[in-house]
Structures are given as C-alpha cells and as structure tokens.
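Note sheet for the following structure.
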Amino acid sequence: MSSHAHDNAEKRAAKSFLLHQSRFFTTVNHLKDLPREAWHEVAFAGRSNAGKSSAINVLCNQRRLAFASKTPGRTQHINFFTVGPEKSPEGFIVDLPGYGYAQVPGAAKAHWSQLLSSYVQTRAALRGLILLTDSRRPLTDLDMQMIDWFAPTGRPIHLLLTKADKLSRQESVNALRAARATIARYDEANGTRQLSAQLFSALKRVGLEEAHAVIEGWLRGDAARSNADSDADASETSRAAASPDAPAPGVDEPDAN
Ligand SMILES: Nc1nc2c(ncn2[C@@H]2O[C@H](COP(=O)(O)OP(=O)(O)OP(=O)(O)O)[C@@H](O)[C@H]2O)c(=O)[nH]1
Ligand SMILES: [Mg+2]
C-alpha cells in the first residue's frame, strides 16, 4: 500500500470506529451481576434468529465476537463487549438473548423475559436500543412489547431491518417504508420522536455506516464520564432511581455549564 493510501485507511479507521476495537467483557445471567463500569452501553435486542449476533460481529469487524448460529435461541445470556482502546474502553455493546423462540421451556422463558424487561427498563447506562427485526416480516407483538418497555426511558430506539440481502430492491423499499410508517404511528401516539429505522445486511454489509453513526453517537453521548461520580444524577430519571443494580453513570442531557 502506498503511504498515501495507508494514511487514508488510517484516517477512515480513526473516524470509524470505536466499534472496531472491541472485545468480550462478561456474560451476565442476573441483574445483580451487571457491570458497574461507568460507561455508556448500547444493547441489541430482537427476536431469536433476527441477526443480533451477526450484526454485532460485522459492526465490530470481527468474525466471532458474538456467537452467531443457525440454531435459534443461541444467545441465552446477556453478553457484554467493550468498545474503544483496550487500555481505556469507552463503552459497552450488549448482545441480548433473543425472544419469541417457542422451543424454550417455560421456566427459562420466564427468567429471560424478566431479565430482559428489567434490564431495558432500569439500566441507567443504556443510552439507546438497537432493535433488530427480519426485514421480510412486519414487527411482531414482542417487538412492540420491547419498544413499550424501553420507550418510557425517553431514550432512542433504532431499528435494523435485517437480512435485507434476501429482498429485492423494491421489497427493501417497501419494508423500510412499512417500518417507518409503524414507528411514525407509534411516535405520534406517544408524542415522542424516539424511533428510527434502516435496512441492514450483515451478509452483504449493507447499512454499516448508518448503524455505526447511530451507535457511536449514543456511546459517545456527552454526559458519559463527567457525571459518572455524581450520585445526584441517579435521581435524574426515575428509572435510574428505581434500579437496584445500576450505578447510574449518566444523565440524558449534557451539563448546561
Ligand atoms: N442472509 C442473511 N442471513 C443472516 C444475516 N444475518 C444473520 N443471518 C443468519 O441468521 C441466523 C441467525 O443469526 P444470529 O446472528 O445468530 O441471530 P441472533 O439474533 O443472534 O439469534 P439468537 O442468539 O438466537 O437470539 C444465522 O443463520 C445467520 O447466519 C444477513 O444479513 N443475511
Ligand atoms: Mg445471538
């Protein structure tokens, strides 16, 4: 590579990507074990098999960071990955267990849904939710349930319509339009503007740039570390105050001064 080309490659990498420096951090099966680091986090939620682990891998530019599988229900715990430089990570990417997989025994299902709902409703560090849905299907009741759990936090939800490589161009346009109509109705009914959507394919690397911009924007959100030590911030949102597990590392708005 010429040094010029090399410089350019380096510039691109620097602009991009927190996510390109990522590593496994921990697996959590109980809320009390959630990490206490004062970093922002972005979680990937969606039906089992929607493509969460595959999306994390491709966005982080690693083959097997998150374990992707043909067997639905593969990700059964909450997996945390740090992003940013190894010596000074800047946030977490979180791979959540998929929901809606029928073959899971009742008790395990109840445990997951309890874990998932508590996590998204109470986790102060969670700056935004990436909700993955198969672009070939409309949003399901369980997807709407997830939105209903998270939306009251006032934080954004970005939909990735996954496996877009399976759709023709026209079908993709229609899928995106349908999803945007659904979220526009939701936002309108709730008087919010929290939801957005895009097409995505881990296989064909479609939509990476847009997704990176959203996720890195959330992770770098201003209030990250400056507020990490301030207990007062915990009362800023009721969910933070109600959370037994979270260290409440940030608030929604950067300090005015
Ligand atoms: N064609 C195509 N297949 C994909 C894409 N992304 C994921 N898949 C396939 O979909 C299946 C499920 O992908 P995963 O990433 O494991 O899905 P998940 O949402 O993590 O699933 P759980 O862990 O069970 O919740 C695998 O067979 C993937 O290869 C994509 O962009 N295009
Ligand atoms: Mg998975």
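Data overview
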{"quantity": "Counted residues, segment 204-221 - those being outside any helix (DSSP H, G or I) and either surrounded by fewer than 14 Cβ atoms within 10 Å (Cβ to Cβ) or under 13 Å from the mean Cα position of the chain (by Cα) (or both)", "calculated": "2"}
{"quantity": "In segment 125-146, the residues that are β-branched (Val, Ile, Thr) and crowded, with 22+ Cβ neighbours inside 10 Å", "calculated": "Ile130, Thr133"}
{"quantity": "Residues of segment 167-185 classified as part of a helix (DSSP H, G or I), exposed (fewer than 15 other Cβ atoms within 10 Å of the Cβ) and not aliphatic (A, V, I, L, M), total", "calculated": "6"}
{"quantity": "Residues of segment 75-101 that turn out to be farther than 15 Å from Ile56 by Cα and more than 13 Å from ligand 1 (Cβ to nearest atom), as a count", "calculated": "6"}
{"quantity": "Some residue of segment 56-66 being touching a residue at least 60 places away in the same chain (Cβ under 8 Å), surrounded by fewer than 23 Cβ atoms within 10 Å (Cβ to Cβ) and in a loop (DSSP other than H, G, I, E, B)", "calculated": "no"}
{"quantity": "Single match in Thr27, Thr75 (criterion: modelled with pLDDT under 95, assigned to a loop (DSSP other than H, G, I, E, B), among the hydroxyl-bearing types (Ser, Thr, Tyr) and within 16 Å of ligand 2 (Cβ to nearest atom))", "calculated": "Thr75"}
{"quantity": "Residue in segment 15-24 that is within 16 Å of ligand 1 (Cβ to nearest atom) and more than 23 Å from Gly221 (Cβ to Cβ) present", "calculated": "yes"}
{"quantity": "From Lys87, Lys109, residue being assigned to a loop (DSSP other than H, G, I, E, B) and among the basic types (Lys, Arg)", "calculated": "Lys87"}
{"quantity": "Test: Asp134 is without any contact (Cβ under 8 Å) to a residue 60 or more places away in the chain and among the charged types (D, E, K, R)", "calculated": "no"}
{"quantity": "Options Ser48, Ser88: the member that is farther than 19 Å from Thr27 by Cβ and surrounded by fewer than 23 Cβ atoms within 10 Å (Cβ to Cβ)", "calculated": "Ser88"}
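The values are calculated or read from the model by the stated rules, or taken from the named source; none is laboratory data. This is a predicted model, so every value here is computed, not measured. Don't worry about glycine lacking a Cβ; one is built from the backbone with ideal geometry, like all the others, and counts go over all protein chains shown.
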